[in-house]
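Encoded as structure tokens, the structure appears first; notes follow it.
The values are calculated or read from the model by the stated rules, or taken from the named source; none is laboratory data. Remember, predicted model here, so these are calculated numbers, not experimental data. Ideal geometry is used to build each Cβ from the backbone, glycine not excepted, and the neighbour counts take in all protein chains shown. SASA here: full protein model, heavy atoms, side chains in, ligands and nucleic acids out. Shrake-Rupley method; radii C 1.70, N 1.55, O 1.52, S 1.80 Å.
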Amino acid sequence: MTSTDQEAVPFPYRRPGGMLPPPEYAGFRADGAPVRSHLPSGHPVWLVPRHADVRAVLTDPRISANPANEGFPKVAVTGGVPTQDEIPGWFVGLDPPDHDRFRKVLIPEFTVRRVRTWQPTIQRVVDECIDALLAKDGTADLVADLALAVPSRIISAILGVPEADRDFFESRTQVLVSVATTTEGQRADAARQLLRYIRRLVGIKSKWPGADLISRILRTEVLSADELSGAVMLLLMAGHETTANNIALGVITLLANPEWIGDEQAVDELVRYHSVGDMLAMRTAVADVTIGGRLIRAGEGVIPLLASANHDEAAFGCPHRFDPAGNGRNHVGFGYGVHQCLGQNLVRAEMACVHRTLFDRIPTLRITDATEDLPFKYDGTVFGLHSLPVVW
């Protein structure tokens, strides 16, 4: 079948009522081939539902991550945030070899070994956030008070943000990702303030280097100051909201499966099961390519459905069941190929530390509302929770 033969299906968003992907995904996988749809804007796009085909899309050089290409799916993730069109260093939208220059210099900063050196910092930040929780009256919003706070404070320490500036840095970061309580204008203003601050910080580190990530990258002399500033902004944006959502959703799932609390296998299974970044890996074909038996022509947009791939019965034995022992780590929750999440080892360490410490220190924690009544983010490209009310 050619790219013009198929009738378009409605664009699938998660439906209120739970944490699993849209039920349409199962039908898409049963059909087998990419599915023609339209974005809410009316722009046509191919949806790729199967695990094997998603991995093929994410590794095929004929399919580009560059949003400047014709047909790229224009789906805003967080309104008002700058892109690679506005700042250098936004390397997530670059293809090899341009993308490789950024990734090669940043990879050493996110290895398992490097993340181990940050473990005391991660534990300190988590303990301080839980200390603040325990100082409350026995009620809290785990999204605002823990899930968003932890990654913000950790990345500020890793980047070498001076102690005197951390309140500003962390407050601007939280405005940037708090879609439910901020306007697009507020988020755009916070993004501009953060980018100005990061540029100043890079300038300071170039004169007075320290033992932080920015100083180490500057010493390589691979990236210009503007490129490094943009790359730092991207690291901040790319990991913050997805990590926060994984932390919050993980609390719900682990409360329902307490036997897995503290087990390292649970982290990757939480990432697979929730698949918060379902539609983040947007692409466009730059040459004709056949995926899953379907011809996708140059200039046509492609969205690999990561949540559908992570719930593909052909790849996972019982994908709709939370099963850390049985489902393994063959998921695409961190993406796949050259654009696979750079900070995945840090995300794993943060999730493991938060969940282990939270349930150890507050064993009576419980959620106040039924799962189906919680304020989930059902209508965006990043799935998660606007808030998570808890008591203990």
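For the chain, averaging the sequence separation of C-alpha pairs within contact (under 8 Å, six or more residues apart) and dividing by the residue count gives a relative contact order of 28 percent. Extent of the stretch 236-352 along its three principal axes (Cα atoms, max minus min coordinate, largest first): 48, 35, 19 Å. Considering every Cα-Cα pair within the stretch 119-264, what fraction, in whole percent, is farther apart than 24 Å? For the stretch 119-264, the fraction of Cα-Cα distances above 24 Å is 38 percent. Normalised radius of gyration (Cα atoms, divided by 2.2 N^0.38 Å) for the stretch 145-225: 1.17. Our summary gives the stretch 46-166 a relative contact order of 15 percent, counting only alpha carbon pairs under 8 angstrom and 6 or more residues apart.
Scanning residues 5 or more positions from D323 or on other chains, none has an amide H under 5 Å from its amide H, with H placed 1.01 Å from N in the peptide plane. Here's the picture: charge each Lys and Arg Cβ at +1 and each Asp and Glu Cβ at -1 in the chain, and of A225, A135, G343 the one pushed furthest to the positive end of that dipole is A225. Secondary structure note: in the chain, about 75% of the DSSP beta bridges are antiparallel.
Each of P324, F28, N257 was placed along the dipole of the chain (beta-carbon charges, centred on the mean Cα), and the one lying farthest toward the positive end is P324.
Computed from point charges on the beta carbon alone (+1 for Lys and Arg, -1 for Asp and Glu), the dipole magnitude for the chain about its Cα centre is near 900 Debye.
Since only I158, G384, A315 are under comparison, the one whose Cα sits farthest along the positive direction of the charge dipole of the chain, derived from C-beta charges on Lys, Arg, Asp and Glu, is I158.
The magnitude of the dipole of the stretch 130-208, with charges of +1 and -1 set on the Cβ of Lys/Arg and Asp/Glu and taken from the Cα centre, is near 620 debye.
Residue-wise HN-Hα couplings along the stretch 352-363, as the Karplus relation 6.51 cos²θ - 1.76 cosθ + 1.60 with θ = phi - 60° gives them from phi, are 4, 5, 4, 5, 4, 6, 4, 6, 6, 8, 10, x Hz; Gly and Pro carry x. Within the accessible surface of the chain, defined with a 1.4 Å probe on protein heavy atoms only, the carbon and sulfur portion equals 52 percent. When a/c reaches 1.5 or more, the comparison of a/b and b/c decides; with that in mind, is the stretch 13-138 rounded, prolate or oblate per its Cα gyration tensor? It is oblate, given that a/c is not under 1.5 and a/b is not larger than b/c. Taking amide H positions as modeled 1.01 Å from N, with prolines and chain starts lacking one, the residues under 5 Å from G384 and 5 or more places away or on another chain are K377.
Among 206-218, 112-124, the peptide with the highest mean count of other Cβ atoms within 10 Å heads the list, and the full ranking is 206-218, 112-124. For the chain, the percent of C-alpha pairs falling in each 20 Å distance bin, counted from 0 to the bin holding the largest distance, reads 28, 59, 13, 0. Separation of the stretch 276-319 and the stretch 197-247, taken as the distance between their Cα centroids, equals 31 angstrom.
Taking Lys and Arg as +1 and Asp and Glu as -1, the other residues whose beta-carbon sits under 13 Å from that of R283 total -2. Computed with a 1.4 Å probe over protein heavy atoms only, the accessible surface of the stretch 219-332 comes to 33 Å² per residue.
Quick check on my link table: of K136/K207; K74/K104; K74/K136; K104/K205; K74/K205, which ones sit more than 31 Å apart, alpha carbon to alpha carbon? Result: K136/K207; K74/K136; K74/K205 exceed 31 Å.
Estimated from the Cβ-Cβ distance and a Förster radius of 56 angstrom, the FRET efficiency linking D189 and V9 is about 0.90.
Taking θ as phi - 60° and the Karplus parameters 6.51, -1.76 and 1.60, the scalar couplings of the stretch 113-123 work out to 5, 5, 4, 4, 5, 8, 4, x, 5, 4, 5 Hz in sequence order, x denoting glycine and proline. For GluC sites (Glu not before Pro), the sites in the stretch 183-250 that DSSP calls loop and that have at most 10 other Cβ atoms within 10 Å are E221. Within the shell defined by Cβ-Cβ distances under 12 Å, the residues around G203 carry a net charge of +4, with Lys and Arg each +1 and Asp and Glu each -1.
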